[in-house]
Amino acid sequence: ATATRSDASQYGVQRTQLSNEEASAVIAALDGFHHQAFSDYFGRDMGTTERSLEDIQALLAEAERRSGQRSAVVYVQVPPAKSDGANDGLDGHGLGGSGFDSGIGNSDEQSNDELTLLLLTAEAAPLRLSLSAVGREALLDSVDNFRADLITSARRGATYYLKPAQQLYDWLIAPMEDDLSAANIDTLVFAMDEGLRTLPEAALHSGD
């Protein structure tokens, strides 16, 4: 069966362009939490190299020069887990007082309980996209369903995975499709938050 493409606008997408300084601060916070998560998992300091927005853009430009392919980096932040009070730091998914949750590029009315994407290309201004209608439970449930249905479909030659594959596509890629097209992007490089790092992004489904 062919899935029907959903309208990404129904997920409450809010778009904010960040300055280079704001984007570099967000990147530093995200990379710091990712480094800590991997170090905790492996039980040793994994080492890290801090990269600013300018560093990432230079790497993307060099990759294009060498390969002829245009790439973009997409940081994905899972909505933080609920707690008794405000999100208090490294809870597995939130950024506490840093990064996206610091209010960089946000209005006071925006909630932190939303899926957040940060799109970086070699030339365009950094773009923050927040999906206010996509909460933590719905996102992680869809990821679990997708992985399970993908395995079942592979074993049975079926297409059970298409529905959750399209749902995740609508959340993780569709909101920035126009931006990717405008920048002629060929390849997406995802920097995933915890809970998404085993997601096979190449198996996501656009509905077409």
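Data for the structure
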{"read-out": "Cα Rg, Dmax (largest Cα-Cα span) when computed across region 115-208, Å", "value": "14.0, 45"}
{"read-out": "Vicinal HN-Hα couplings computed from phi for region 202-207 (Karplus, 6.51 cos²θ - 1.76 cosθ + 1.60; Hz; Gly/Pro x)", "value": "5, 8, 5, 10, 7, x"}
{"read-out": "Debye, to nearest 20: dipole size of region 7-64, +1 on Lys, Arg Cβ, -1 on Asp, Glu Cβ", "value": "200 debye"}
{"read-out": "Length released on extending from residue 184 to residue 158, taking residue separation times 0.36 nm less the Cα-Cα span", "value": "6.1 nm"}
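Each value in this text was obtained by applying a stated rule to the coordinates, not by laboratory testing. Everything numeric here is computed off the predicted structure, so don't read it as measured data. In this analysis, Cβ positions are derived from the backbone assuming ideal geometry, glycine residues included, and neighbour counts consider all displayed protein chains.
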